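First the structure, in the form of C-alpha cells, and then the observations on it.
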Amino acid sequence: MSRVKTKFGRTTKTDYVNQMTNLTVDLVSAPSWEELCSYLPEFTTATWRDKADEGDIDNREEIVKAIFRGEMLPTALETIRVTFLIDGLDLIDVTHLIRHRTLSFSAQCTADRDMRKDDCMVKPSILVNEEFFSRYKEIVDAAKQLYADMVDSKEVSIFDARTILPRSLSNFYYVSGSLKDILAFIKTRKDEAIQPESDNIVAILMWLKLVRQYPALQECIDMDIGGRDEFFCKTALS
C-alpha cells in the first residue's frame, strides 16, 4: 500500500499566495508549566543536596523562573523538549532552518510525493509588481508542466523530474529541540537587519507560541523584538 497519492495524468494547479501572510507556526508538543515545576527544581538544585530525596522544595515556580533568567544550572533548559510545525516555507527558508544542527527535523517529502498541485509562496515585493509577477508565474507554470509531463511519461523518475521545480514551492517542517536551542534559533532569526522577512516572522511566531505556553518567559527573557540587531552592528562595514 502506497503512503502517497498518485497523480499520474492529472493537470497541474498552482495557488500563488503571499508568503508573509501564510506562514504558520504551531506548537504541537511541550511540557506544561506544572510539569516543569515538578522536576526542574530538583534537577537544578542537585548540586547542593546531600541526598537525592532530601527535603521538600517550596519555591518551585521561582526556581523555574530563575532558570529562565539564566541564574541557575543552564543545562536545565536542555531537558525541556518542544516541537513545532512550521508551514509555508520555501526552499530558501528550509536551508536557513536546517542550518541549526542542534534541532531535529521531519520534512515534507519531495522524492515520492507528486508536487504538481503544490502552492507557490511568493514574496510581497514580487506580488505587487504586475510585470515581474506575470513573468514569475509563467516560469513556475512552465516548470510545473514540464515536471508533470516527465513524471507522466514514466521515462524520467520522480527523483529526477523534481529538479526542474522552483525553490518557491511550499514546504512544511516539524522542528523539535530543547528550549535552550529553540531560544537560540529565535534570537538568531529575529534579526531584521541581516535575516529575511520570512525568518523574522517564523522566529516571532515561535516566540509568541512559547510565551503563550510559558508566560514567565516574557518576564524573564528580553527577546527585544524590533530592537537593535547586535550581530549586524558588529559585522557591518563602517
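The values are calculated or read from the model by the stated rules, or taken from the named source; none is laboratory data. Computed from a predicted model, the values in this text were never measured in an experiment. Ideal geometry is used to build each Cβ from the backbone, glycine not excepted, and the neighbour counts take in all protein chains shown. Just the protein is used for accessible areas: all its heavy atoms, side chains included, with ligands, DNA and RNA removed. Shrake-Rupley method; radii C 1.70, N 1.55, O 1.52, S 1.80 Å.
Some observations on this one:
- Residues of region 9-41 satisfying the condition of being among the hydrophobic types (A, V, I, L, M, F, W, C) and without any contact (Cβ under 8 Å) to a residue 60 or more places away in the chain: 37, 40
- Some residue of region 107-121 being outside any strand (DSSP E or B), at pLDDT 95 or above, of a type in the set (Lys, Arg) and within 30 Å of residue 3 (Cβ to Cβ): yes
- Looking across region 1-13, just one residue is more than 30 Å from residue 128 (Cβ to Cβ), surrounded by 10 or more Cβ atoms within 10 Å (Cβ to Cβ) and hydroxyl-bearing (Ser, Thr, Tyr), and that is 6.
- Single unsatisfied condition, residue 235 versus (1) among the hydroxyl-bearing types (Ser, Thr, Tyr); (2) crowded, with 16+ Cβ neighbours inside 10 Å; (3) modelled with pLDDT under 95: (2)
- Output for region 42-99, where each listed residue is without any contact (Cβ under 8 Å) to a residue 60 or more places away in the chain and basic (Lys, Arg): 49, 51, 60, 99
- Taking region 110-140 as the range and being farther than 16 Å from residue 14 by Cβ, without any contact (Cβ under 8 Å) to a residue 60 or more places away in the chain and either touching a strand residue (DSSP E or B) at 6+ places or on another chain (Cβ under 7 Å) or open to solvent by 30 Å² or more (accessible area, probe 1.4 Å) (or both) as the test, the residues that pass are 125, 128, 129, 130, 131, 132.
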